[in-house]
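Asker: Sending over a structure as structure tokens; questions will come in a sec.
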Amino acid sequence: MGALRRAGAVDRMPQPVVLALERRLVPGPHPDRDLQRLLQPLEPFGHRLRGLGTAHPEPVRVFVQGSKRWIGLPDWPPPADVQRWHLHPHGRLAPAPPPSQGADRYRYDPADPTPAAGGVSHVRQPYAGSKNNATREARADVLIYSSEVLADDLTVAGPVRAELWVRPSLDHTDLFVRLCDVDPRGRSWNRSDGIVRLRPQAARRETDGTMRAGVELWPTATTFRRGHRLRLQVSSGAHPVYARNLGTSEPPGQATTMRAADIEVLRSPARPSAVHLPVVALPGTDPRPPGQA
């Protein structure tokens, strides 16, 4: 008898893997407390036991946010055109490399930690799921970069990764990166995020104090609809979902000293900061960046 592993898009656990009579992966939009959707992935087992064959022939079923539909796939992640969307001046996000040298800055103070607003969590509401990030994005310790309004749907499915060139004032700090979907009303809905803890032994600085930091975001399946925008947040925390970094080398359970960190995020042709998006072609979608022939 097979076994099924199930996870919602906002469950805090490794990327879901399914070993069953039919190898099935069922990431969905739900927190794991939704009973109706908890039972939905068991549908293939019922069909098998009743001698009805398979409910869905595809080994992978994925809920695509934005288009709000389930799709079947032969494998996960699906084949994708991985596109780099770069940070630009004036808070812009675009496929083209940045035109000139520049940087943006913010200060993270662990005494006033950047709050969580939705996302991956085992913590009860209001921290789990897709939330309007307007209050979070209004803070001075959150940088935001937004694309132009999309002329066509753009579907992202698979693992997401950000590569940032940064110059932190402290050796101990965090980088939290979030991908959002901005609707025509200007509401910013989180779709994927990830965090990395920078330590002296884990990140090598260049002679000018900069370093390249990779941040693995949670896999997603999202259609950014025509008329929407992509948005990338860069900050240093999501409290209390992630424990705040106090800025010192003291053991987390014993630390008492707090130090604020000044973070510089570079965006230049030589040191381009970008998010890597696995763009896939689904019926009615175009895998090319908007405006690209």
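The values are calculated or read from the model by the stated rules, or taken from the named source; none is laboratory data. These figures come from a predicted structure and were not determined experimentally. Reconstructed Cβ throughout: ideal geometry from the backbone, glycine too, with neighbour counts over all protein chains shown.
Asker: Among the numbered conditions (1) out of contact with any Asp or Glu (no Cβ under 8 Å at 6 or more places or on another chain); (2) farther than 27 Å from Trp76 by Cα; (3) of a type outside the set (Lys, Arg); (4) surrounded by fewer than 22 Cβ atoms within 10 Å (Cβ to Cβ), tell me where Tyr145 comes up short.
Answerer: Result: Tyr145 passes all but (4).
Asker: Can Gly291 be described as modelled with pLDDT under 95, in contact with an Asp or Glu (Cβ under 9 Å, 6 or more places away or on another chain), of a type in the set (Gly, Ala, Ser) and outside the structural domain of Lys68 (by TED's automatic domain parsing)? Explain how you work it out, then say what you get.
Answerer: On the way: modelled with pLDDT under 95: yes; in contact with an Asp or Glu (Cβ under 9 Å, 6 or more places away or on another chain): yes; of a type in the set (Gly, Ala, Ser): yes; outside the structural domain of Lys68 (by TED's automatic domain parsing): yes.
Criteria met by Gly291.
Asker: Suppose the filter is more than 23 Å from Val234 (Cβ to Cβ) and either touching a residue at least 60 places away in the same chain (Cβ under 8 Å) or more than 19 Å from the chain's Cα centre (by Cα) (or both); does Pro99 pass it?
Answerer: On the way: more than 23 Å from Val234 (Cβ to Cβ): no; either touching a residue at least 60 places away in the same chain (Cβ under 8 Å) or more than 19 Å from the chain's Cα centre (by Cα) (or both): yes.
When the stated conditions are applied, Pro99 does not pass them.
Asker: Same structure, new question: Is it fair to say Arg271 is in contact (Cβ under 8 Å) with a residue 40 or more places away in the chain, over 29 Å from Gly129 (Cβ atoms), in contact with a helix residue (DSSP H, G or I) (Cβ under 9 Å, 6 or more places away or on another chain) and not polar (S, T, N, Q)?
Answerer: Details: in contact (Cβ under 8 Å) with a residue 40 or more places away in the chain: yes; over 29 Å from Gly129 (Cβ atoms): yes; in contact with a helix residue (DSSP H, G or I) (Cβ under 9 Å, 6 or more places away or on another chain): no; not polar (S, T, N, Q): yes.
Considered against the rule, which asks whether it is in contact (Cβ under 8 Å) with a residue 40 or more places away in the chain, over 29 Å from Gly129 (Cβ atoms), in contact with a helix residue (DSSP H, G or I) (Cβ under 9 Å, 6 or more places away or on another chain) and not polar (S, T, N, Q), Arg271 comes out as no.
Asker: Follow-up question, since we're still on this one. Kindly indicate whether Arg167 is touching a Ser or Thr at 6+ places or on another chain (Cβ under 9 Å) and either surrounded by 18 or more Cβ atoms within 10 Å (Cβ to Cβ) or at pLDDT 95 or above (or both).
Answerer: So Arg167 passes the test.
Asker: Is it the case that the range 227-238 has a residue that's under 14 Å from the mean Cα position of the chain (by Cα), assigned by TED's automatic domain parsing to the domain that holds Gly102, of a type in the set (Gly, Ala, Ser) and closer than 30 Å to Pro79 by Cβ?
Answerer: No: the range 227-238 contains no residue that is under 14 Å from the mean Cα position of the chain (by Cα), assigned by TED's automatic domain parsing to the domain that holds Gly102, of a type in the set (Gly, Ala, Ser) and closer than 30 Å to Pro79 by Cβ.
Asker: While we're on this one: Suppose we filter the range 219-260 for residues that are part of a strand (DSSP E or B), of a type outside the set (A, V, I, L, M) and under 28 Å from His90 (Cβ atoms); how many remain?
Answerer: Filtering the range 219-260 down to residues part of a strand (DSSP E or B) leaves 219-224, 229-235, 239.
Pick out the ones that are also of a type outside the set (A, V, I, L, M) and you get 219-220, 222-224, 229, 231, 233, 235, 239.
Right, trim to under 28 Å from His90 (Cβ atoms) and you get 220, 222-224, 229, 231, 233, 235.
Number satisfying all stated conditions: 8.
Asker: Out of the residues in the range 272-288 that are part of a loop (DSSP other than H, G, I, E, B) and at pLDDT 95 or above, state the one that is farthest from Tyr108 (Cα to Cα). Step through it out loud before you land on a result.
Answerer: Step one: filter the range 272-288 for residues part of a loop (DSSP other than H, G, I, E, B), giving 272-273, 281-288.
With the extra rule that they be at pLDDT 95 or above, the set shrinks to 272-273.
Working: Pro272: 22, Ser273: 19 Å.
Applying the filter and picking the extreme gives Pro272.
Asker: Only residues that are crowded, with 23+ Cβ neighbours inside 10 Å and either touching a Gly at 6+ places or on another chain (Cβ under 8 Å) or more than 24 Å from Arg267 (Cα to Cα) (or both): list them for the range 234-246, please.
Answerer: Selection gives Ala238, Asn245.
Asker: While we're here: Of the residues Arg178, Arg205, Arg231, Arg226, which single one is at pLDDT 95 or above and surrounded by fewer than 21 Cβ atoms within 10 Å (Cβ to Cβ)?
Answerer: Selected residue: Arg226, the only one of Arg178, Arg205, Arg231, Arg226 that is at pLDDT 95 or above and surrounded by fewer than 21 Cβ atoms within 10 Å (Cβ to Cβ).
Asker: Further, regarding this structure: Considering only residues of the range 209-223 that are free of Cβ contacts under 8 Å to residues at least 60 places away in the same chain and of a type outside the set (Asp, Glu), which is surrounded by the fewest Cβ atoms within 10 Å (Cβ to Cβ)?
Answerer: So in the range 209-223, the residues free of Cβ contacts under 8 Å to residues at least 60 places away in the same chain come out as 209, 211-217.
Subsequent filtering for residues that are of a type outside the set (Asp, Glu) retains 209, 211-215, 217.
Numbers: Gly209: 11, Met211: 17, Arg212: 15, Ala213: 21, Gly214: 14, Val215: 20, Leu217: 23.
Taking the candidates together, the pick is Gly209.
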